[in-house]
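Undergrad: Please read through the structure below; I'll follow up with questions.
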C-alpha cells in the first residue's frame, strides 16, 4: 500500500489557540458522576485520565463527587479529613442530619479530592424523595428499577450537598457543578429547581435512547427525525430515565457531548443542541514510549506468537513471520460495535488471499466479554503442549551443549553424528507425536454458556471460517477481558494492543471510541468509521487520515455491502504492505498522540466551564463564544442496516 507524504501534526487545522484567561481563585468545581472511583464503563476512563489536568487547573478547589462503594474505596481511595473549612462544615452538617459522606484522595494520577456519598445509608428517604420528584418535576420512577432508584438517591443527596455548601459559605461562592450522564443528571435538575447559586454543566457521553434503539437493530440514523421519542422510550421501559436525561440537558446552563455525531443524536433525541463538543482525550504520557514503541511492538508480538503456537499446535502450517494480528475489542454489542461487518469482511479477505496465492496469514482476535463457564479444555491443552515442546527442546539443547563443550575442551571438533544419541531422538519423537491433533484448532477459547445463540459463533458458522489449514484467515474469540494473570493468554490489554498490527472497529454506534484512540497513542494503525466520534474527529482534523494509519470506513453514505467491500479493501491492502511499510506507518500513527492528549483536548472542557460561569454569574464572568458546533449539514445515506449481507465467498 502506498504511503504518500502528508501534513505534519503541527499543521493540523481546527485546533487554534483560545484565550481562556479566567480568574478562578474564588471559584470551586464539583465534578459529579456515578463512575467516580467506581468503574462501570467508559466514563470512568474519561474522569480518571482527565483528573490530573483538571487538578492542575483548579488546585485545591477541585472535588470529584461519586457513590461510596466499599470494595472500591478499600483499594482506590485514601480517606482523610477535609482541609477546606467550608467543605468540612458541609460534610459534618450532612452527616449529623442522617447522611453518610466520606472525604479522601482518589489514588490515581493527580490525586484529586473525592467526596463519596453512601446512597444506601439514606435509602429510607427514597419514597418521600420520589414523591417530591413527581410533585415538582412530574417524573415518576417505578419501584423495580434499582438503577433509577440509585439515581434518585444520588441526585437528591448531590443537590442537598450543593445547597448545604452554599449555605455554609461565608460569601456567595462561585460554584461550578459538572454532571456526567443521566445517573448524575437528577442532581442538576434539582439544583436548578431549587435555584441554587451554581453554574451547571451536563455532559452526555451517549444518549440513553440512542443506545437502546441501536441495540435493537433499528435503522437509527435514517430515522433520527421521525422517532416518536416518548413511545420508543416507553416501549423499552426507560421512559423515566429518558425524562431525567432530557430534563438535565434542558436545565443545564451548558450542555455538552463528546462528538459531533452524538451532538446530532442529542439534538434530535433530547431536543437541545449542545453548546460545545468536548472530545474525550487520553493521558498520553501513560502510553508514551518515545522511541521504544517499535521495540515494545516486537516484544509483545512475540508473546502473542507464543500463544498462537500453542493454540494452533498440530496445524501450524503457516509462517508466523508472515502472520498479521488483527483485533476488535470492547463491549459485546455485535452490531453496534461492527463485529458483524468485520466477520463478513474477514470471509471476503480470506477469499482474496487464497485466489491471489498470498503467503500472508491473518489471525483476527475478538476480545469481547460474554457469559462463559471456564476455559476450553482443548485451548488449555494447546498451551500445555507448547510448553512441553519447549521444555523438551531445552533438555536436548542442554545435552547437546554439554557434549559440544566437552569435545572442545579436549581440542577436538565434535562429531556431529554423535552429538545426538538414540535417547535424544526418542525424546524428540515423543514430543512430535504429542502435537498430533485430529480436530481443528478451536475458534473460541472458552466454553460459552449460550453457544448455540451466540452471534459471533453463529456468524462464524455461516461464513465457514473454522481455522482449517486451507484458510488464510483464522479467528480466535476470547470472550473475557485480558489479564496478565490468565493461564491462557497472560497479557494485559495494553501489551496485547502493542503486539498487534491493526485494530478494527467498524462501529455502527460509537459516541466516541476509546479503543481506536488507544491504538493511535500506542502507534498501532486502526480502522474506524464516520459514524463514530473518533472517526469524525480524525476526518475533521487530518487531511488524509489513512496516511497516518487511521482508516475511516464510510458507514454514513454507503450501504452495508459497500461498506463491507471497503473494509475488505482496507484489510487486503494492509496485508500487501511490506514489513518496512508497516514500520513507517506505525511511526506516523504514533505522531498523532499529541492530538488526543488531554493537554490538547482539555481546552474544550475549560471552555465549557467558563461558559457556564459566564451564564450563571454574568456580573462577575464574561465569556466570548467561539464558533458554534455545526450539525445542520448531517446527511445519512444508508438504505438498510440489514446484517445479513450478500453470501460470503468463503470457499
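Undergrad: Would it be correct to say that residue 361 is at negative phi and assigned by TED's automatic domain parsing to the domain that holds residue 471?
TA: Against the criterion (at negative phi and assigned by TED's automatic domain parsing to the domain that holds residue 471), residue 361 qualifies.
Undergrad: Taking segment 553-575 only, how many residues are out of contact with any strand residue (DSSP E or B) (no Cβ under 9 Å at 6 or more places or on another chain), within 24 Å of residue 221 (Cβ to Cβ) and not in a loop (DSSP other than H, G, I, E, B)?
TA: Adding up the residues that qualify gives 7.
Undergrad: Take segment 1-53 and flag every residue that is out of contact with any helix residue (DSSP H, G or I) (no Cβ under 8 Å at 6 or more places or on another chain), surrounded by 13 or more Cβ atoms within 10 Å (Cβ to Cβ) and at pLDDT below 50.
TA: Selection gives 7 alone.
Undergrad: Which ones in segment 74-93 are out of contact with any helix residue (DSSP H, G or I) (no Cβ under 6 Å at 6 or more places or on another chain), buried (at least 18 other Cβ atoms within 10 Å of the Cβ) and over 17 Å from residue 37 (Cα atoms)?
TA: Once the filter is applied, which keeps residues that are out of contact with any helix residue (DSSP H, G or I) (no Cβ under 6 Å at 6 or more places or on another chain), buried (at least 18 other Cβ atoms within 10 Å of the Cβ) and over 17 Å from residue 37 (Cα atoms), segment 74-93 yields 87, 91.
Undergrad: Scan the helices (runs of 4 or more DSSP H) fully inside segment 453-552 and keep the ones with 3 or more residues being surrounded by fewer than 20 Cβ atoms within 10 Å (Cβ to Cβ) and in the same structural domain as residue 327 (by TED's automatic domain parsing).
TA: The qualifying helices (runs of 4 or more DSSP H) are 455-463, 493-499, 533-541.
Undergrad: Applying the selection to segment 349-381, what residues are in contact with a helix residue (DSSP H, G or I) (Cβ under 7 Å, 6 or more places away or on another chain) and either farther than 29 Å from residue 579 by Cα or free of Cβ contacts under 8 Å to residues at least 24 places away in the same chain (or both)?
TA: The answer is 379, and nothing else.
Undergrad: Those residues that are farther than 16 Å from residue 377 by Cβ and more than 27 Å from the chain's Cα centre (by Cα), I need them from segment 437-464; list them, please.
TA: 452, 461, 462, 463, 464
Undergrad: Right, next: Would you check if residue 163 is under 33 Å from the mean Cα position of the chain (by Cα), at pLDDT 95 or above and farther than 22 Å from residue 73 by Cα? Explain how you work it out, then say what you get.
TA: Working: under 33 Å from the mean Cα position of the chain (by Cα): no; at pLDDT 95 or above: yes; farther than 22 Å from residue 73 by Cα: yes.
So residue 163 fails the test.
Undergrad: Follow-up. Kindly indicate whether residue 263 is modelled with pLDDT of 95 or more, in a helix (DSSP H, G or I) and out of contact with any helix residue (DSSP H, G or I) (no Cβ under 7 Å at 6 or more places or on another chain).
TA: So residue 263 fits the description; yes.
Undergrad: To continue, here is another question. Can you find even one residue in segment 437-451 that is in a helix (DSSP H, G or I), out of contact with any strand residue (DSSP E or B) (no Cβ under 7 Å at 6 or more places or on another chain) and free of Cβ contacts under 8 Å to residues at least 60 places away in the same chain?
TA: yes
Undergrad: Of all residues being surrounded by fewer than 18 Cβ atoms within 10 Å (Cβ to Cβ) and within 13 Å of the chain's Cα centre (by Cα) in segment 317-333, which is modelled with the highest pLDDT? Just the residue, please.
TA: Taking the candidates together, the pick is 332.
Undergrad: Pairs, please: C-beta under 9 Å, at least 6 apart or cross-chain, first residue more than 20 Å from residue 614 (Cβ to Cβ) and in segment 163-175, second part of a loop (DSSP other than H, G, I, E, B) and at pLDDT below 90?
TA: Partner pairs satisfying both residue conditions: 165/173.
Undergrad: Suppose the filter is under 42 Å from the mean Cα position of the chain (by Cα), exposed (fewer than 14 other Cβ atoms within 10 Å of the Cβ) and assigned to a helix (DSSP H, G or I); does residue 394 pass it? Please lay out each step first, then the result.
TA: Details: under 42 Å from the mean Cα position of the chain (by Cα): yes; exposed (fewer than 14 other Cβ atoms within 10 Å of the Cβ): yes; assigned to a helix (DSSP H, G or I): yes.
It is true that residue 394 is under 42 Å from the mean Cα position of the chain (by Cα), exposed (fewer than 14 other Cβ atoms within 10 Å of the Cβ) and assigned to a helix (DSSP H, G or I).
Undergrad: Of all residues being outside any helix (DSSP H, G or I) and touching a helix residue (DSSP H, G or I) at 6+ places or on another chain (Cβ under 9 Å) in segment 229-257, which is surrounded by the fewest Cβ atoms within 10 Å (Cβ to Cβ)? Just the residue, please.
TA: Filtering first and then ranking leaves 236.
Residue by residue, here is whether (1) assigned by TED's automatic domain parsing to the domain that holds residue 481; (2) within 20 Å of residue 575 (Cβ to Cβ); (3) not in a helix (DSSP H, G or I) holds:
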residue	(1), (2), (3)
313	yes, no, yes
316	yes, yes, yes
321	yes, yes, no
340	yes, no, no
348	yes, yes, no
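Undergrad: So, one more: Given the structure, is residue 336 assigned to a loop (DSSP other than H, G, I, E, B), surrounded by fewer than 22 Cβ atoms within 10 Å (Cβ to Cβ) and on the phi > 0 side of the Ramachandran plot?
TA: no
Undergrad: Considering only residues that are in contact (Cβ under 8 Å) with a residue 24 or more places away in the chain, out of contact with any helix residue (DSSP H, G or I) (no Cβ under 6 Å at 6 or more places or on another chain) and under 15 Å from residue 26 (Cα atoms), which ones fall in segment 56-73?
TA: Within segment 56-73, 57, 58, 60, 61, 63 meet the criteria.
Undergrad: Determine if segment 212-222 includes at least one residue that is in the same structural domain as residue 246 (by TED's automatic domain parsing), touching a residue at least 24 places away in the same chain (Cβ under 8 Å), touching a strand residue (DSSP E or B) at 6+ places or on another chain (Cβ under 9 Å) and over 30 Å from residue 123 (Cβ atoms).
TA: No, segment 212-222 has no match at all.
Undergrad: Continuing with the same structure: Take segment 426-436 and flag every residue that is under 50 Å from the mean Cα position of the chain (by Cα), surrounded by 10 or more Cβ atoms within 10 Å (Cβ to Cβ) and assigned to a helix (DSSP H, G or I).
TA: The answer is 427, 428, 429, 430, 431, 432, 434.
Undergrad: Given the residues 343, 420, which is the only one that is in contact with a helix residue (DSSP H, G or I) (Cβ under 8 Å, 6 or more places away or on another chain) and surrounded by fewer than 16 Cβ atoms within 10 Å (Cβ to Cβ)? Outline the logic, then answer.
TA: Working: 343 fails: surrounded by fewer than 16 Cβ atoms within 10 Å (Cβ to Cβ).
None of the others qualify; the one that does is 420.
The values are calculated or read from the model by the stated rules, or taken from the named source; none is laboratory data. Bear in mind that the values here come from a model prediction, so they are computed numbers and not experimental data. Here the Cβ is made from the backbone with ideal geometry for all residues, glycine too, and neighbour counts use every protein chain on show.
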